[in-house]
1. Can you list residue pairs whose Cβ atoms sit under 9 Å apart, with the first residue in the range 11-25 being of a type outside the set (A, V, I, L, M) and the second being open to solvent by 50 Å² or more (accessible area, probe 1.4 Å) and modelled with pLDDT of 90 or more? Count only pairs 6 or more apart in sequence or on different chains.
2. Search the range 7-21 for residues being of a type outside the set (S, T, Y) and open to solvent by less than 80 Å² (accessible area, probe 1.4 Å), and hand back the single one that is nearest to the chain's Cα centre (by Cα).
3. Being free of Cβ contacts under 8 Å to residues at least 24 places away in the same chain and more than 19 Å from S11 (Cα to Cα) narrows it down to one of P28, P59, so name that one.
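The values are calculated or read from the model by the stated rules, or taken from the named source; none is laboratory data. Everything numeric here is computed off the predicted structure, so don't read it as measured data. Virtual Cβ from ideal backbone geometry, glycine too; neighbours counted across all protein chains shown. Heads up: the accessible areas ignore ligands, DNA and RNA and are worked out on the full protein's heavy atoms, side chains in. Shrake-Rupley method; radii C 1.70, N 1.55, O 1.52, S 1.80 Å.
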Amino acid sequence: VHWMMYWIIFSLFMATETFTDLLISWFPFYYEVKMAFVIWLLSPYTRGARLLYRRFVHPTLVRREKDIDAFLAQTRERSYQTVLHFGKRGLNLAATAAIQAATKSQGALAGRLRSFSLQDLRFLPEQS
């Protein structure tokens, strides 16, 4: 549970860090403060990640649990429909390519066989 809380808080920190680096990286000791914050999150003595998770993240997740569940159900249904759509499309493309390859190769094969008529075989040198 400790590591789950840490990684959730750390991922939120990394997401916000992308924008804060652009805005306040000029601030003195910015990188040192970031490093101290990560150590504070990670330390088993300070339990920073646990504190932030229990105070901010967990109440937000509990408050929005029904919305999250509805979103996940909707996403599951959409992803199922998308997989079916692209699966059918992929099978259609593969079938079309297979049919085109078969018709092209059949025409080439027929042309090759026509070239080996009896007249052509008469002119082959005899092999002993």
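1. Hits for this filter: F13/F37.
2. Going residue by residue through the range 7-21, those that are of a type outside the set (S, T, Y) are 7-10, 12-15, 17, 19, 21.
Going one step further and asking which of them are open to solvent by less than 80 Å² (accessible area, probe 1.4 Å), we end up with 8-10, 13, 15, 17, 21.
Working: I8: 20, I9: 23, F10: 22, F13: 22, A15: 18, E17: 23, D21: 26 Å.
Residue satisfying both the conditions and the ranking: A15.
3. Numbers: P59 fails: more than 19 Å from S11 (Cα to Cα).
Result of the check over P28, P59: P28.
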